[in-house]
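> Please find one structure pasted underneath; my questions will follow.
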Amino acid sequence: MTHYVPAGASPDDVWLITGCSSGFGKALATALLAKGQRVAATARNITALDYLGPESPQLLKLPLDVTNRAEVNAAFLVARKQFGRVDVVVNNAGIGVIGPVEDMTEAQIRQQFEVNVFGVFNVTRAAQPLFREQQRGLFVNFASMAGEVSVPSLGVYSASKFAVEGLSEAVRQEMEPYGVGVIVVEPGPFDTEWIGNNAVWAEETERYPGVWGYVTQMKAAYADRKIVGDPAKAAAAILKAAAMEPPPFRLALHEVSAEATRGKFKSVIADLDRTEGLTKDVHYAD
Ligand SMILES: NC(=O)c1ccc[n+]([C@@H]2O[C@H](COP(=O)([O-])OP(=O)(O)OC[C@H]3O[C@@H](n4cnc5c(N)ncnc54)[C@H](OP(=O)(O)O)[C@@H]3O)[C@@H](O)[C@H]2O)c1
C-alpha cells in the first residue's frame, strides 16, 4: 500500500506563489527551486523574476496581480497546463499601509484591502475547485504577527491580516473533507521591502506624535540586522512546516511574533475571566 503524502510534503508537489519579485516570495521560490521542486513563480511584472534564470520544465513564470481576477484564473490554467496540477498555493503578495487610522485616505484603506484581502480571496477561490478535484492541496497564507496583535500605525494593515486569519480558519474547516490543509504564516519583523520600497504611508501630521514615534522605533528595528529576520530562514521554516504531517495551522516566525501572540492570549483570557458574570447573564429570565 502506498503511503498517502499530504500536499506540501512531497518532492513532486507543484507550488504556485504570489509576489515573487522580492522578500518572502523571492526567498521561497529560490529555496523551492534549489530543492528541485516545480514552481509557478508569479509577479506583477515578470521581468522582476529574472533572478530565477530562464523558464524550464521545473519553472514557470507568470504575470499575476492578485487584484486582477482574470490574471489569477489565467495563471492557474497555465500552471495546470504545464505541470498537470498545483499542490501548494502561497498567498504571499501583500503590502503595508502604515500610519494612524484617522490620517489614512479612504483610497489607501481600500488599496490595503484590495491587495491583502480581496487578493487572497481571488487566489484562494481560483485554487479551490482544482484542490477539490485533486482531493489534495495546501494553502500557505501570509498573515502576520499583526494578524494576531495590532499596534499603533498598523490599524489598517492589521485589519487586513485579521481578515486573512479569519478566512483561513474557515477555509481550513471547509476544505478538510477534500484533503486540503491551510498554514497561516505569522512573521514578525523580516528584512524585505515591506517597510521599505513597497510601504504605503499616511501623510505625517502633528496629530499623532506617539504613533510616528512608534514608526521610528519600528523602522530602527527593521534596520537592525540583530533584530530583523532573514527571509531565507523563514522560507526554510515554511518548507519544514509544510512537510509536517499534519502541518501546523499557525506558524509564528520570529520570537517577537510568538511573544506578541502569547501576550495577546493572556490578555484575552484575563478579560474573559474578569467579565464572566457579564458574559453569562444574557439569557431570557423565563
Ligand atoms: N517583512 C515583514 O516584516 C512581514 C511581516 C509580517 C508579514 N509580512 C507579509 O509577508 C508578505 C510578503 O511581503 P514581504 O515582507 O516579502 O514584502 P515585499 O518584499 O514588499 O514583497 C511583497 C510582494 O508582494 C507583491 N505585491 C504587491 N502588490 C501586489 C499585487 N497587487 N499583486 C501581486 N503581487 C503584489 C510585491 O510585488 P511588486 O514588486 O510587484 O510590488 C512583492 O513581490 C506580505 O503579505 C506581508 O504583509 C511581512
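The values are calculated or read from the model by the stated rules, or taken from the named source; none is laboratory data. Computed from a predicted structure; not experimentally measured. Please note: Cβ atoms are built from the backbone with ideal geometry, for glycine as well, and neighbour counts cover all protein chains shown. Areas reflect the complete protein model, heavy atoms only, side chains present, ligands, DNA and RNA absent. Shrake-Rupley method; radii C 1.70, N 1.55, O 1.52, S 1.80 Å.
> For the stretch 28-112, taking Cα atoms only, what is the radius of gyration to one decimal and the Dmax to the nearest whole Å?
Spelled out, the Cα radius of gyration and Dmax of the stretch 28-112 are 15.7, 50 Å.
> In square angstrom, rounded to the nearest 10, how much accessible surface does HIS283 have for a 1.4 Å probe?
Number for this one is 150 Å².
> Quick check for me: using +1 on Lys/Arg Cβ and -1 on Asp/Glu Cβ, what's the dipole size of the chain about its Cα centre, in debye to the nearest 20? Present the calculation step by step, with values, prior to reporting the outcome.
Values: 27 positive and 33 negative charges, 193 e Å.
For the chain, the charge dipole is close to 920 debye.
> Follow-up question, since we're still on this one. Please give every one of the lysines within straight-line cross-link reach of LYS35, meaning a C-alpha to C-alpha distance under 18 Å, and leave out same-chain neighbours fewer than 8 residues apart.
In chain and number order, the partners are LYS26, LYS61, LYS233, LYS240.
> Also, quick follow-up: I'd like to know which of PRO248, ALA258, ALA236 lies farthest towards the positive end of the charge dipole of the stretch 235-286, counting +1 on Cβ of Lys and Arg and -1 on Cβ of Asp and Glu.
Checking the options against the dipole of the stretch 235-286, the answer is ALA236.
> Run through the DSSP bridge list for the chain and note the antiparallel percent, rounded to the nearest 5. Walk me through the numbers on the way to the answer.
Working: 1 of 30 bridges.
Roughly 5 percent of the DSSP beta bridges within the chain come out antiparallel.
> Based only on Cα atoms, what mean projected area does the convex hull of the stretch 160-274 have, in nm²? Don't jump to the answer; show the numbers that get you there.
On the way: hull surface 40.9 nm².
With every direction weighted equally, the projected area is 10.2 nm².
> Assigning unit charges at the beta carbon (Lys, Arg +1; Asp, Glu -1) and nothing else, what dipole magnitude in debye, to the nearest 20, does the stretch 84-209 show about its Cα centre?
Values: 8 positive and 17 negative charges, 124 e Å.
Roughly 600 debye, rounded to the nearest 20.
> Share of the stretch 14-280's accessible area from carbon and sulfur, percent, 1.4 Å? Please list the in-between numbers first.
Working: 7020 of 12900 Å².
C and S fraction of accessible area: 54 percent.
> Most mobile of PRO100, PRO187, PRO129 per a Gaussian network model of the chain (Cα springs, under 10 Å)?
Most flexible of the set in this elastic network: PRO129.
> Among the chymotrypsin sites (Phe, Trp or Tyr not before Pro) within the stretch 1-80, which fall in a DSSP loop and have no more than 13 other Cβ atoms within 10 Å of their own Cβ?
Values: sites: TYR4, TRP15, PHE24, TYR51, PHE76; in loops: TYR4.
Hits after loop and neighbour filter: TYR4.
> Which of GLY166, ALA48, ALA79 sits closest to the plus end of the dipole of the chain, meaning its Cα is farthest towards the positive end, when Lys and Arg get +1 and Asp and Glu get -1 on the C-beta?
Result: ALA79.
> Report, to one decimal in Å, the Kirkwood hydrodynamic radius for the stretch 66-167 based on all distinct Cα pairs.
Numbers: mean 1/r = 0.0691 Å⁻¹.
Across the stretch 66-167, the inverse of the average 1/r is 14.5 Å.
> Tell me, what is the per residue accessible area of the chain in Å², probe radius 1.4 Å? Spell out each step's value before the answer.
On the way: 14720 Å² over 286 residues.
So the chain comes to 51 Å² accessible per residue, rounded to a whole number.
> Please give the calculated 222 nm ellipticity per residue for the chain, where each DSSP H segment of at least 4 residues contributes -39500 (n - 2.57) and the sum is spread over every residue; nearest 500 deg cm²/dmol? Could you put the intermediate results ahead of the total?
On the way: 9 runs with 125 residues, N = 286.
Rounded to the nearest 500, the figure is -14000 deg cm²/dmol.
> Among SER21, SER267, SER153, which one moves the most in a GNM of the chain with springs linking Cα atoms closer than 10 Å?
Between SER21, SER267, SER153, it is SER267 that shows the largest mean-square fluctuation.
> Rg and Dmax of the chain over Cα atoms: what are they, in angstrom?
Every Cα atom of the chain included, Rg and Dmax give 19.9, 73 Å.
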